[in-house]
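Below: one structure, written as structure tokens.
Derivation of every value follows stated rules applied to the coordinates shown; laboratory data play no part. If you're wondering where the values come from, they're calculated on a predicted model, not measured in any experiment. No Cβ is skipped: glycine too gets one built from the backbone with ideal geometry, and neighbour counts run over all protein chains shown.
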Amino acid sequence: MSDTSLLAPTLAEARTGLAQKSFSARELAAAYNDAVKEAEPLNAYITPTSERALAMADAADQRLARGEALPLDGIPIAVKDLYCTKDVLTTAASHILDGFRPPYESTVTGKLWQAGAVMLGKTNLDEFAMGSSSTTSWYGPVENPWRRAGDNRPPLVPGGSSGGSAAAVAARAALAAIGTDTGGSIRQPASFCGIVGLKPTYGRCSRWGVVAYASSLDHPGPMTRTVRDAAILLRAMSGHDSMDSTSALMPVPDFEAVLTGDIRGVKVGIPREYRVDGMPGEIEALWGRGVEWLRAAGAEPVEISLPMTKYALATYYIIAPAEASSNLARYDGVRFGLRVEGNSIDEMYELTRAAGFGAEVRRRLLIGTYVLSAGYYDAYYLKAQRVRTLIARDFVTAFEEVDCILTPTAPSAAFAIGEKSEDPIAMYLNDVFTVPANLAGVPAISVPAELSDDGLPLGLQIIGRAFDEETVLRVAEVLETAAQFRHLPSFIAGGRR
Ligand code: GLN
């Protein structure tokens with residue numbers, strides 16, 4: 001039986017506990033390995049790496065004993081199975097990557113291990129990160145550790161695509177995790193699972209070794225229990241990388257140092273276009289409370305306009321599939337994973353891709369190929385690129401007037417597994433508040449704020465200027481303090497472990 005008391009500390013607290021030798025990295029890793037096992041019903045992990053976790057923890061303990069502790073020494077972390085990890089199965093939750101063990105490590109995971117972190121395993125996701133529910137995985141759907149209050153209706157989705165990482169952190173089957181966010185895949189699952197999720201500025205964290213979905217929109221980022229933990233993890237993940245030509249030559253600030261709790265005089269934009277038709281009353285009410293919390297802390301709410309918002313989803317669902325159709329052309333049965341033999345090379349390609357990709361991935365590849373085809377390139381792809389520029393310009397204009405923007409993270413709480421699977425458009429609408437920050441490349445965080453009428457977590461989002469994660473984190477921490485979100489998912493509270 002594991003020592004569940006070791007699962008309670010946050011990342012920042014565990015760092016202190018390790019430094020003070022209240023427990024060892026090995027004890028911490030062992031407790032989390034047990035928690036990973038006990039959380040198996042959630043299907044949050046595709047590949048647990050418990051042996052590796054213990055070995056990494058032992059190395060951390062030796063450094064701690066020598067007084068040479070690294071910034072993340074002994075911190076157990078879960079990794080979305082979209083990051084390549086050397087010699088460890090990397091699947092992108094797709095059948096087509098069967099058996100793929102990368103001969104290299106992604107830059108971001110490499111940085112974490114160099115900072116002393118311990119790898120707990122690879123977490124489940126929507127296939128190739130395409131989705132908002134973590135139900136399209138070849139390895140089966142992820143279950144949200146939260147249940148609606150007093151009900152035994154079907155289990156809920158954890159959001160997506162980084163749903164395994166979010167569920168693992170929420171269920172205390174990881175101290176923290178990393179995800180990727182192309183249109184909301186860190187923030188929306190964070191909102192659905194009651195944790196913090198941060199999408200940094202485009203270029204802040206290297207994409208090298210992250211399985212590509214839509215390269216101009218993909219962002220690695222941290223998923224944690226607290227804003228402070230996100231600041232700690234982001235620092236270790238960030239920095240220029242010569243292997244990624246879009247990675248930014250920017251100094252990495254000490255993000256933790258900016259968490260002063262002082263947001264007096266900060267101007268917070270409230271974008272009127274985010275009041276979308278059919279938004280549930282409880283989301284609107286929560287947003288209003290967020291405004292009041294920040295006002296009470298001395299910030300100044302300002303109504304702003306982001307006029308291009310209504311085009312963001314349509315723009316995203318042209319650009320993301322277009323880039324995906326190009327990126328996923330590499331899965332041809334020759335270089336990676338699955339191969340289904342045919343009578344000719346063309347037939348081998350077709351059979352491999354037909355067997356290897358799930359329905360949602362095929363849908364995206366068809367859309368992407370269509371919008372890039374000769375007759376439609378100008379009408380769809382080029383037009384979308386132009387609108388994207390206007391959306392980015394909206395933010396530049398807004399940030400001349402305000403320091404950050406407050407919005408809900410998602411238009412709903414977690415929904416049931418299967419609920420929207422037959423209706424791709426309903427699924428795509430989930431991204432309405434998160435997609436604009438990806439198109440503009442600006443940083444955005446989701447902070448757990450309240451429970452819905454059904455007893456499920458709801459998040460609020462802070463969006464900031466490019467490379468100003470500091471303001472985003474500072475305001476987010478004040479929001480977190482005001483919200484006092486202390487609820488635990490039924491998976492823990494119900495004593496399932
Ligand atoms: N839900 C969005 C999509 O399906 C975003 C996914 C993501 O951020 N990876 O494209």
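When you count, for each residue, the other Cβ atoms within 10 Å and take the mean per peptide, how do 216-226, 71-81, 7-17 rank with the highest first?
The densest-packed peptide leads the list: 71-81, 216-226, 7-17.
Considering only the other residues whose Cβ falls under 12 Å of the Cβ of Arg289, what net charge follows from Lys and Arg at +1 and Asp and Glu at -1?
Residues near Arg289 contribute -3 overall.
Kindly write out, for the stretch 78-88 in residue order, the coupling ³J(HN,Hα) from the Karplus curve 6.51 cos²θ - 1.76 cosθ + 1.60 (θ = phi - 60°), rounded to whole Hz, with x marking Gly and Pro.
Residue by residue, the stretch 78-88 yields 9, 10, 3, 7, 10, 8, 6, 10, 4, 6, 10 Hz.
Can you tell me which lysines have their Cα less than 22 Å from the Cα of Lys267? Leave out same-chain residues fewer than eight positions away.
Lys199
Considering amide H positions built from the backbone, and no H for Pro or chain starts, which residues 5 or more places from Val118, or on another chain, come under 5 Å of its amide H?
Gly74, Ile75, Ile77
With labels modelled as points extended 7 Å from the Cα through the Cβ direction, what inter-label distance (nm, one decimal) is found for Thr10 paired with Arg363?
Rounded to a tenth, the inter-label distance reads 3.8 nm.
With the Cα gyration tensor of the stretch 182-241 in hand, convert its eigenvalues to equivalent ellipsoid semi-axes via √(5λ) and list them largest first in whole Å. Present the calculation step by step, with values, prior to reporting the outcome.
Working: eigenvalues 73, 45, 11 Å².
Taking √(5λ) for each Cα gyration eigenvalue gives 19, 15, 7 Å.
Sorting check: for 249-261, 114-126, 163-175, 481-493, which peptide has the highest mean count of neighbouring beta carbons within 10 Å, and how do the rest follow?
Ranked by mean Cβ neighbours within 10 Å, highest first: 163-175, 114-126, 481-493, 249-261.
Please work out the FRET efficiency for the pair Val340 and Ile425, using the Cβ-Cβ distance as r and a Förster radius of 30 Å; give the result to the nearest 0.05.
My answer for the efficiency is 0.45.
Considering amide H positions built from the backbone, and no H for Pro or chain starts, which residues 5 or more places from Gly203, or on another chain, come under 5 Å of its amide H?
Result for Gly203 returns nothing.
Just report the Cα centroid separation between the stretch 269-308 and the stretch 366-386, whole Å.
For the stretch 269-308 versus the stretch 366-386, the Cα centre distance is 34 Å.
Starting from the eigenvalues of the Cα gyration tensor, five times each then square-rooted, give me the equivalent ellipsoid semi-axes of the chain, largest first, whole Å.
With the √(5λ) rule applied to the chain, the semi-axes are 30, 29, 22 Å.
Let me know the Kirkwood hydrodynamic radius for the stretch 67-215, please, with Cα pairs as the basis and the value in Å to one decimal. All intermediate terms of the calculation are to be shown ahead of the outcome.
Numbers: mean 1/r = 0.0649 Å⁻¹.
In the stretch 67-215 this quantity evaluates to 15.4 Å.
Once you charge only the Cβ atoms, +1 for Lys and Arg and -1 for Asp and Glu, what is the size of the charge dipole of the chain about its Cα centre, to the nearest 20 debye?
Details: 47 positive and 58 negative charges, 61 e Å.
Taking the Cα centre of the chain as origin, the dipole is about 300 debye.
If you take every residue apart from Ala57 with its C-beta less than 13 Å away from the C-beta of Ala57, what net charge results, scoring Lys and Arg +1 and Asp and Glu -1?
Counting the neighbours of Ala57, the net charge comes to -2.
Under a point-charge model restricted to the Cβ atoms of Lys and Arg (+1) and Asp and Glu (-1), what is the dipole moment magnitude of the stretch 25-122 relative to its Cα centre, in debye to the nearest 20?
260
For the ranges 146-159, 85-98, what's the packing order if you count other beta-carbon atoms within 10 Å of each residue, average per peptide, and put the highest first?
Most protected by this proxy first, the peptides run 85-98, 146-159.
What is the distance in Å between the Cα centroid of the stretch 1-28 and that of the stretch 217-239?
20
Under a Cβ-Cβ cut-off of 12 Å, what is the net charge of the residues other than Thr10 that fall near it, where Lys and Arg count +1 and Asp and Glu count -1?
Neighbourhood net charge equals +1.
Could you derive backbone 3J(HN,Hα) for the stretch 468-483 from the dihedral phi with the Karplus parameters 6.51, -1.76 and 1.60 (θ = phi - 60°), listing whole Hz in sequence and x where the residue is Gly or Pro?
Couplings: 10, 4, 4, 5, 4, 5, 5, 5, 4, 5, 5, 4, 4, 5, 5, 6 Hz.
Could you give the distance between the Cα centres of the stretch 68-89 and the stretch 144-169, to the whole Å?
Value for the Cα centre distance between the two parts: 24 Å.
Beyond a 20 Å Cα-Cα separation, which of these cross-linked pairs lie in this structure: Lys383/Lys420; Lys80/Lys310; Lys37/Lys122; Lys21/Lys111?
In this structure, Lys383/Lys420; Lys80/Lys310; Lys21/Lys111 exceed 20 Å between Cα atoms.
Suppose the chain between Leu488 and Gln114 were pulled fully straight at 0.36 nm per residue; how much longer would it get relative to their current alpha carbon spacing?
Gain on stretching Leu488 to Gln114: 131.5 nm.
Mind giving me the nanometre distance, one decimal, between the label points for Glu68 and Thr47, set 7 Å out from Cα along Cα→Cβ?
Each label point is offset 7 Å from its Cα along the Cβ direction, giving 2.9 nm.
About its Cα centre, how strong a charge dipole does the stretch 363-486 have in debye, to the nearest 20, once Lys and Arg get +1 and Asp and Glu get -1 at the Cβ? Write down the numbers at each step before the final one.
Working: 10 positive and 17 negative charges, 123 e Å.
The calculated dipole for the stretch 363-486 is roughly 600 debye.
Work out how far the C-alpha atoms of the stretch 1-119 reach from end to end along every principal axis, then list the three figures in whole Å, largest first.
46, 31, 21
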